[in-house]
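Everything below concerns the one structure shown next.
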Amino acid sequence: MNEIPRNRFRTGLETGNTQFGAWLSIPDQTVAEIMAGAGFDWLLVDHEHGPFELRDVMSHLQAMAPYDVAPIVRPVDDNPALLKKLCDIGAQSFIVPMIDTAEQAAAVVSAVKYPPDGRRGLGTSMARAARWNTVPGYLQHANDDICVIVQAETLTAIENLESIANTPGVDGVFFGPSDLSASMGHAGDVTHPQVIEAISAGLRTVRAAGKNAGLLCLDESQVPHYVNCGANFVGVGVDTLLLGNSARALASLYDSDDDDASSPAGY
C-alpha cells in the first residue's frame, strides 16, 4: 500500500526560511523536469495564463514528483468543479487568482476539502491523489495536506485583505503586482511607489494575521525589500522569460548586423 503524499510546500514554509520559486507556463513536461532540478523551493504550474489543459497539469505534477521541489497549481479561476479535479490529479497547494472577498476565499477552502471541512466530492478510486484508492486513511488525512493561498490583485481585495487573511482554512495570500497595478491605475508599472506601498502594507497585514504572504517579484533588487516586509515565499522567475532572455543574450553575441561583433573567446 502507498503512503499519503506530504505537502512539500507547507513543509518548506514551516521551516521559517523564505521559499523561492518560479513559474511554469510552457506546457511541456521536459521543461518542468529541467526546472524541477534547478534548485527552486517551489514551482507553480500556471493554468490561468499558460496554455495548459488538465492533462498537461497532471503531466507536470508527474514530472516534478521525483524531485525535491514543491509543486503549486494556479487554476484559471475558483470554479469548484475545476478545483475538485485538480485535487484528484494530485494538486495539494493552490494559488487561486482574483479573490476579492472573504466569502470567495471561504468558497475556495470548501471546494478543496472533504467534509466536514468542505464539500469536495469523493472519487478516490479514480484519483491519482489517493493512488487510486491504495492510500490507507486518505479520506481522513487529505485535508491536512491541502494548502490554500488566495491571490489579492485588485483594490477591492486590498480593502478586504484583513478579512480575507483571517478566513478559516486560508493558509496565505499572494499578491499579483501586475493586476494590482492595473487596478490602481498604473497598468504594468509594478514599481510605481503606490503599488510597492500597497503590496508592502499588504504583506505586513497578512503576516500579522498569522498567515503566509508572497508575491511574484522579477526585479531582484526589490526582493530583499519585500522579504523584509514579511514575504516568506517569492516567485523570482518565469520559464518563458528565462528561456527568451537567455536565448536573446546568446544570439546578441553573434549579431550579424553588428560590424564589431566577434566570436566569444574559445570559439
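The values are calculated or read from the model by the stated rules, or taken from the named source; none is laboratory data. Just so it is clear, the structure is predicted and the values come from calculations on it, not from any experiment. Cβ placement follows ideal geometry from the backbone for every residue including glycine, while neighbour counts extend to all protein chains displayed.
Can you name the residue in the range 86-103 that is of a type outside the set (A, V, I, L, M) and buried (at least 18 other Cβ atoms within 10 Å of the Cβ) and is also farthest from Gly214 (Cα to Cα) among such residues? Working first, answer last.
Just the residues of the range 86-103 that are of a type outside the set (A, V, I, L, M), to begin with: 87-88, 90, 92-94, 97, 100-101, 103.
Filter again for buried (at least 18 other Cβ atoms within 10 Å of the Cβ), leaving 87-88, 90, 92-94, 97, 100.
Values: Cys87: 22, Asp88: 26, Gly90: 23, Gln92: 17, Ser93: 14, Phe94: 13, Pro97: 13, Asp100: 16 Å.
Only one residue fits best here, namely Asp88.
Give the range 2-23 a look and list any residue that's assigned to a loop (DSSP other than H, G, I, E, B), at pLDDT 95 or above and either touching a Cys at 6+ places or on another chain (Cβ under 8 Å) or of a type in the set (A, V, I, L, M) (or both), or say none.
Kept after step one, since they are assigned to a loop (DSSP other than H, G, I, E, B), are these residues of the range 2-23: 2-7, 15-18.
If we keep only those that are at pLDDT 95 or above as well, we get 7, 15-18.
Listed by number, the list holds a single entry, Asn7.
Let me spell it out: the conditions are (1) touching a residue at least 60 places away in the same chain (Cβ under 8 Å); (2) within 25 Å of Asp117 (Cα to Cα); (3) surrounded by fewer than 22 Cβ atoms within 10 Å (Cβ to Cβ), and Asp179 meets all of them except one. Which number is the exception?
With (1) touching a residue at least 60 places away in the same chain (Cβ under 8 Å); (2) within 25 Å of Asp117 (Cα to Cα); (3) surrounded by fewer than 22 Cβ atoms within 10 Å (Cβ to Cβ) applied to Asp179, the lone miss is (2).
So which pairs qualify, if the first residue must be in the range 52-70 and farther than 13 Å from Gly90 by Cβ, the second must be in a helix (DSSP H, G or I) and basic (Lys, Arg), the Cβ gap must be under 9 Å, and the two must be at least 6 apart or on different chains?
Cβ pairs passing all conditions: Asp68/Arg8; Val69/Arg8.
Being touching a helix residue (DSSP H, G or I) at 6+ places or on another chain (Cβ under 8 Å) and part of a loop (DSSP other than H, G, I, E, B) is the filter; apply it to the range 190-209 and report the residue that is nearest to Glu159 (Cα to Cα).
Among them, the one singled out is Ala209.
So which residues in the range 149-189 are outside any strand (DSSP E or B), within 22 Å of Val236 (Cα to Cα) and in contact with a strand residue (DSSP E or B) (Cβ under 9 Å, 6 or more places away or on another chain), if there are any at all?
Matches in the range 149-189: Glu153, Asp171, Gly176, Pro177, Ser178, Asp179, Leu180.
In the range 236-249, is there at least one residue being of a type outside the set (Val, Ile, Thr), surrounded by fewer than 12 Cβ atoms within 10 Å (Cβ to Cβ) and either touching a helix residue (DSSP H, G or I) at 6+ places or on another chain (Cβ under 9 Å) or in a strand (DSSP E or B) (or both)?
Going through the range 236-249, the residues of a type outside the set (Val, Ile, Thr) turn out to be 237, 239, 241-249.
From what is left, the residues that are surrounded by fewer than 12 Cβ atoms within 10 Å (Cβ to Cβ) are 244, 246-249.
With either touching a helix residue (DSSP H, G or I) at 6+ places or on another chain (Cβ under 9 Å) or in a strand (DSSP E or B) (or both) added as a condition, the list becomes none.
Within the range 236-249, not a single residue is of a type outside the set (Val, Ile, Thr), surrounded by fewer than 12 Cβ atoms within 10 Å (Cβ to Cβ) and either touching a helix residue (DSSP H, G or I) at 6+ places or on another chain (Cβ under 9 Å) or in a strand (DSSP E or B) (or both).
Scan the range 196-245 residue by residue and report those that are within 19 Å of the chain's Cα centre (by Cα) and β-branched (Val, Ile, Thr).
Correct list: Ile199, Val206, Val223, Val227, Val234, Val236, Val238, Thr240.
Select, from Gly118, Gly123, the only residue that is surrounded by 19 or more Cβ atoms within 10 Å (Cβ to Cβ) and either more than 23 Å from Gly21 (Cβ to Cβ) or in contact (Cβ under 8 Å) with a residue 12 or more places away in the chain (or both). Show your work before the answer.
Values: Gly123 fails: surrounded by 19 or more Cβ atoms within 10 Å (Cβ to Cβ).
Being surrounded by 19 or more Cβ atoms within 10 Å (Cβ to Cβ) and either more than 23 Å from Gly21 (Cβ to Cβ) or in contact (Cβ under 8 Å) with a residue 12 or more places away in the chain (or both) holds for just one of Gly118, Gly123, which is Gly118.
Would you mind stating whether Glu153 is closer than 22 Å to Glu48 by Cα, out of contact with any His (no Cβ under 7 Å at 6 or more places or on another chain) and either at pLDDT below 95 or of a type in the set (Asp, Glu) (or both)? Lay out the reasoning, then the answer.
Values: closer than 22 Å to Glu48 by Cα: yes; out of contact with any His (no Cβ under 7 Å at 6 or more places or on another chain): yes; either at pLDDT below 95 or of a type in the set (Asp, Glu) (or both): yes.
Answer is yes for this residue.
Could you give me the residue pairs with C-beta distances under 6 Å whose first residue belongs to the range 222-237 and is over 19 Å from Thr15 (Cβ atoms), whose second residue is in a helix (DSSP H, G or I) wherever it lies, and which are 6+ apart or on separate chains?
As it stands, the answer is Cys229/Ser200; Cys229/Leu203; Cys229/Arg204, since those pairs meet every condition given.
What are the residues in the range 46-100 that are of a type in the set (S, T, N, Q) and either touching a helix residue (DSSP H, G or I) at 6+ places or on another chain (Cβ under 6 Å) or under 28 Å from Leu180 (Cβ atoms) (or both), if any?
Step one: of the range 46-100, the residues of a type in the set (S, T, N, Q) are 59, 62, 79, 92-93.
Scanning the range 46-100 gives Ser59, Asn79, Gln92, Ser93.
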